[in-house]
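The values are calculated or read from the model by the stated rules, or taken from the named source; none is laboratory data. Remember, it's a predicted structure, so these values are computed and weren't measured experimentally. FYI the Cβ positions are ideal-geometry reconstructions off the backbone, even for glycines, and counts take in every protein chain you see. Accessible surface is based on the protein model in full, side chains and every heavy atom, while ligands, DNA and RNA are left aside. Shrake-Rupley method; radii C 1.70, N 1.55, O 1.52, S 1.80 Å.
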Amino acid sequence: MRQPRIAVILDENTSTGGTRYEAAKGYFRGVRDAGGLPFGIPYLPEVVNSVLNEFDGLVSVGGRFAYPDDWYIAGEVSKAPPSERFDVERAIVEGYLERDKPVLGICAGMQMLACLNGCRLSCDLRLSFPAADEHDKRDHLHAVEIVPESRLARIIGKHRIRVNTFHREAIAQLSPAVVVSARADDGIVEAIEVASSAFAIGLQWHQELFADTVHPGNAVFRGLVEAARL
């Protein structure tokens with residue numbers, strides 16, 4: 001059986017000036033264990049066309065970097081540092097969506113998918129949603145309710161799972177182009193799907209951190225790889 005080539009956009013250490021690429025190994029293990037061949041992608045404009053033409057699927061990973069001001073709700077702007085990642089990643093994600101190639105967005109990758117399809121973010125979910133639970137807490141797990149009949153529900157096969165949570169930003173305004181496929185119990189959007197795409201799924205949680213465990217969410221990597229085979 002053919003092994004699809006999956007592009008994995010690298011993260012960077014913005015806390016030390018963004019001088020180093022980095023990415024959790026779980027992204028690569030998740031794709032490998034699902035039957036794909038993962039390749040790390042740097043932030044070089046020269047690689048964009050090759051990534052669009054030579055790879056079968058895309059993982060847009062988590063990270064901390066600024067989005068444009070108009071990607072946020074009125075009165076808010078990003079508190080994160082700028083990054084050369086943004087322009088390269090945007091070009092790649094837009095190209096994959098235009099070609100209807102499969103995309104899995106995780107954390108910041110989900111937010112990229114959402115905003116490219118008309119959603120808007122809050123830079124601090126606790127300010128926009130005062131009743132929300134803590135969502136930026138390492139080693140903390142919380143439940144998410146997966147919407148029945150969503151693509152995510154069909155892939156995972158469960159309607160409620162427990163996930164980790166490491167995010168300060170959150171989707172605050174939805175677009176008709178995006179379907180919510182999971183929410184936390186406090187109402188925060190935890191997963192989305194781009195309605196017009198065969199496979200464009202975003203997860204707010206970090207599924208890569210479960211890659212070496214038995215976790216129902218790992219089926220999303222298998223879903224990406226299967227979609228990339230088509």
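Structure notes:
- Computed over all pairs of different Cα atoms, the Kirkwood value for the hydrodynamic radius of the range 1-135 is 15.8 Å.
- Taking every alpha-carbon pair within the range 91-170, the share separated by more than 18 Å comes to 56 percent.
- Computed over the chain, the P(r) tail beyond 21 angstrom holds 51 percent of alpha carbon pairs.
- Per residue of the chain, the DSSP helices (runs of n ≥ 4 H) give a summed -39500 (n - 2.57) that works out to -7500 deg cm²/dmol at 222 nm.
- Take 173-180, 52-59, 188-195, 1-8 and order them by the average number of nearby Cβ atoms within 10 Å per residue, most first; the result is 188-195, 52-59, 1-8, 173-180.
- For the chain, the tally of Lys pairs with Cα-Cα distances below 26 Å comes to 6, considering only residues 8 or more apart or on different chains.
- The chain, relative contact order [Cα under 8 Å, separation at least 6], %: 23 percent
- GluC sites (Glu not before Pro) lying in DSSP loop within the range 55-154, provided at most 10 other Cβ fall within 10 Å: E149
- Alpha-carbon centroids, the range 39-60 and the range 188-230: separation in whole Å: 19 Å
- Surface accessible to a 1.4 Å probe, per residue, for the residues of the range 49-177, Å²: 46 Å²
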